[in-house]
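Coordinate-derived values only; no laboratory data. These numbers were taken from a predicted model, which means no experiment stands behind them. Cβ placement follows ideal geometry from the backbone for every residue including glycine, while neighbour counts extend to all protein chains displayed.
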């Protein structure tokens, strides 16, 4: 065993941890349950960046050999880094609208977003939200994505590609007061629609015929009036398990002098809506808080429909 360790140390010194792992795994074939060899495997895996596998192997070794100081040290180093993110409450009335993301970073991202492109089209969504939507679409598998606010069409294309990439049999309906007319995608329909007067663009029968679950994304003009109208309109149609996302409440964090005490238009609309309908929605803290508390433009704005005005408050997560 000392010879094997000497070989591993030498290969580490040469920057060949990958080769050391191959040597150790060959030794494991001859002694599959040997804790010393497993210890070396955990160290090799950590050295080449396979941290999650190294953690599993280290836990296995420690269960067999509780006094193993090398593995204990490895666990002490890896476990805090690999611990899953912690989330805030899901009860919308028990959450602050603040974000943990520093204002300087928010401002720098906001500057860049207007120059961001997807398939050559402007897409004004920050990198946190792009990944959060990917996680939500993969998990929810929405039959219909309804986007209020098309901008240049980049986000509509992005959502359609997510549906395609995850083999979701879904469609995107994207509405704007200046509808996109120069972009085409087989899964996207761009059309005229004013967030304050959505009944002019969508009627009861049309919504009833849409494939579920629904994912509604409100990204229009960020005023209290429009956001409030979108929330009120879709509240009548959302079923259990449908989602609505209210973007850009974080204007409160970007420009606190203009919107003190989290008073951006989307935040005011959300606060008013949830005071009345908190029992019907839970905040998707697993999205809002994945990168940081409200580490999204949609602070407290990922909402899942969980009730139909029962009068009881949503339970705490």
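Shape descriptor for the chain: Rg over Rh equals 1.11 (Cα atoms; Rh from the Kirkwood inverse mean 1/r). Across segment 1-149, the convex hull enclosing all Cα atoms gives 246 Å³ per residue. Taking the C-alpha atoms only, the angle from helix 51-64 to the longest principal axis of the chain is near 50 degrees. Of the peptides 10-19, 80-89, 279-288, the ranking by mean beta-carbon count within 10 Å, highest at the top, reads 279-288, 10-19, 80-89.
Across all Cα atoms of segment 180-317, the radius of gyration (one decimal) and Dmax (whole number) stand at 15.5, 47 Å. With the simple spin-label model, which puts each label point 7 Å out from Cα in the Cβ direction, the residue 63 to residue 184 separation comes to 5.7 nm.
Among 294-302, 159-167, sorting by the average number of other beta carbon atoms lying within 10 angstrom of each residue, highest first, gives 294-302, 159-167. Panel note: the C-alpha atoms of segment 123-162, placed on their principal axes, show extents of 26, 22, 16 Å (largest first). Here residue 141 and residue 10 are evaluated by their C-beta separation; at R0 = 45 Å the FRET efficiency comes out at 0.35. From the square roots a ≥ b ≥ c of the eigenvalues of the alpha-carbon gyration tensor of segment 207-247, which class results: rounded (a/c under 1.5), prolate (a/b over b/c), or oblate? It comes out prolate by the Cα gyration axes.
Between 0 and 90 degrees, the angle of helix 69-82 with respect to the longest Cα principal axis of the chain falls at about 10 degrees.
What number in nm² do you get for segment 37-93 if you take the convex hull of its Cα atoms and divide its surface by four? Approximately 5.0 nm², given one-decimal rounding.
Is the C-alpha gyration tensor of segment 2-82 telling us rounded, prolate or oblate? Criteria: a/c under 1.5 is rounded; beyond that, a/b larger than b/c is prolate, otherwise oblate. Oblate shape, in that a/c is at least 1.5 and b/c is the bigger or equal ratio. The calculated FRET efficiency for residue 76 paired with residue 211, based on their beta-carbon distance and R0 = 51 Å, is about 0.55.
Here the gap between residue 169 and residue 18, fully extended at 0.36 nm per residue and compared with their Cα-Cα distance, gives a gain of 50.2 nm. When you count the other C-beta atoms within 10 angstrom of each residue and take the mean per peptide, 192-203, 211-222, 50-61 line up highest first as 211-222, 50-61, 192-203. Compared with the dominant principal axis of the Cα atoms in the chain, helix 103-113 is inclined by about 70°.
Per residue, the average separation of C-alpha pairs within less than 8 Å and at least 6 apart gives the chain a relative contact order of 17 percent. When the helices of the chain are scored as -39500 (n - 2.57) per DSSP H run of n ≥ 4 and the total is divided over every residue, the value at 222 nm lands at -13500 deg cm²/dmol.
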